[in-house]
Amino acid sequence: MTAKPNFIRRHRFTLARRLSQILVLVLFAGTARWGWEIAGRPLLLGDLSQSMILETIPLGDPLAMLERLCAGIIPTATVLAGTLIITLLYGLLGSRTFCGWICPMNIVVESAAWLRERLGLAADGIRLPRAARYAILAGTLAASFVTGTVAFEGVSPQAMIWRDLVFGTGLSALSAALAVFALELGLMRDGWCGHLCPLGALWALVGRVSPRPVITIGFSDERCTRCADCLKVCPEKQVIRFKDLARTGRIPSGECLNCGRCIEICPEDALRLELLRRHDKASSQ
């Protein structure tokens, strides 16, 4: 009989993601509220839309830049450089690594999923096609074009949570978190991250065109018994198609969050995190 893994091993990716999400928040908050510096330079200024490391390295959200372009706002060279750095970084990491490891909304969504399971609310609720987020992404850019504003930033729940936690600007973080939590718990499982968020849609597109992502989730067809435990926890169930996984030996880059929850729950260790994978199984046959 196989021994049951301990808590840390069973939740190792979830714990690592929470540490990553909290650490990034703390670095921003420490700089904004307590003036953290290195060699006299602010450690991490700004927010997830536009930030600067040590007043030297710019970082920028590609969706925010696209909205500005659609609104007729010409980005500066610094904004362009920051956007290029972030896009290349997450493109190299592969899939929606930002969504799974950095975005604070991920904590809210997974907390609602945990409570949904404890309450026995198994039904998915309202169902929308996964493609809805791409329509919302297109609508967001169209709204920016029509209104001349950065349309999504003003209503983005993750931006509200970020601003309040980092800068302490009010109670919009609580209201945004509760609204998404209620959506996930009572109306639509995996609703925000899985069906509605335009930023998640953009990162999925970036992940799809990434030629050779650094991080992939490998699959062993020999070990897998098709118990489907991975499907029970995966927020993007459409990426787990056993026939395709057996052919390629990996979960496809794109809509996967690289969250590792499938790896944690797999009793056969048929899934594993791989770095710098050289090629697909199918291409080697």
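The values are calculated or read from the model by the stated rules, or taken from the named source; none is laboratory data. All of these numbers come straight from a predicted model, not from anything done at the bench. Using ideal geometry, Cβ is built from the backbone for each residue, glycine included, and neighbour counts are taken over all protein chains shown. Surface accessibility is based on the protein's heavy atoms, side chains included, excluding ligands, DNA and RNA. Shrake-Rupley method; radii C 1.70, N 1.55, O 1.52, S 1.80 Å.
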Q. Tell me, what is the FRET efficiency for ASP244 and ARG127 to the nearest 0.05, using R0 = 25 angstrom and their Cβ-Cβ distance as r?
A. 0.65
Q | Radius of gyration and Dmax over the Cα atoms of the range 1-143, both given in Å | A | 19.1, 64
Q: Taking H placed 1.01 Å from N in the peptide plane, check which residues at least 5 places from LEU44 or on another chain put their amide H under 5 Å from its amide H.
A: THR31, LEU54
Q.
With a 1.4 Å probe and all protein chains left in place, how much of the accessible area of the chain comes from carbon and sulfur atoms, in whole percent?
A. 67 percent
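Counting only heavy atoms of protein chains, what accessible area per residue, in Å², does the chain have with a probe of 1.4 Å?
Per residue, the chain has 51 Å² of solvent-accessible surface.
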Q: For the range 134-285, build the charge dipole from Cβ charges (+1 Lys, Arg; -1 Asp, Glu) around the Cα centre, then report which of LEU205, GLY218, TRP192 sits farthest towards its positive end.
A: GLY218
(Q) Helix 12-34 against the longest principal axis of the chain: what's the angle in degrees, Cα atoms only, rounded to the nearest 10? (A) 10 degrees
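Show me 24-36, 213-225, 187-199, 7-19 ranked by packing, highest mean number of other Cβ atoms within 10 Å first.
187-199, 213-225, 24-36, 7-19
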Q | Which of GLY100, GLN21, SER49, positive extreme of dipole for the chain (C-beta unit charges) | A | GLY100
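Can you give the charge dipole size of the chain about its Cα centre, rounded to the nearest 20 debye, using +1 on the beta carbon of Lys and Arg and -1 on the beta carbon of Asp and Glu?
About 820 debye.
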Q. Can you give me the Cα centroid spacing of the range 41-82 and the range 165-216 in angstrom?
A. 20 Å
**Q.** Rounded to whole Hz, the Karplus (6.51, -1.76, 1.60) HN-Hα couplings of the range 76-89, x for glycine and proline
**A.** 6, 4, 5, 5, 4, 5, x, 5, 5, 4, 5, 5, 5, 4
Q. Label point 7 Å out from ARG10 along Cα-to-Cβ: which residues of the range 211-245 have amide N under 16 Å?
A. 229-230, 233
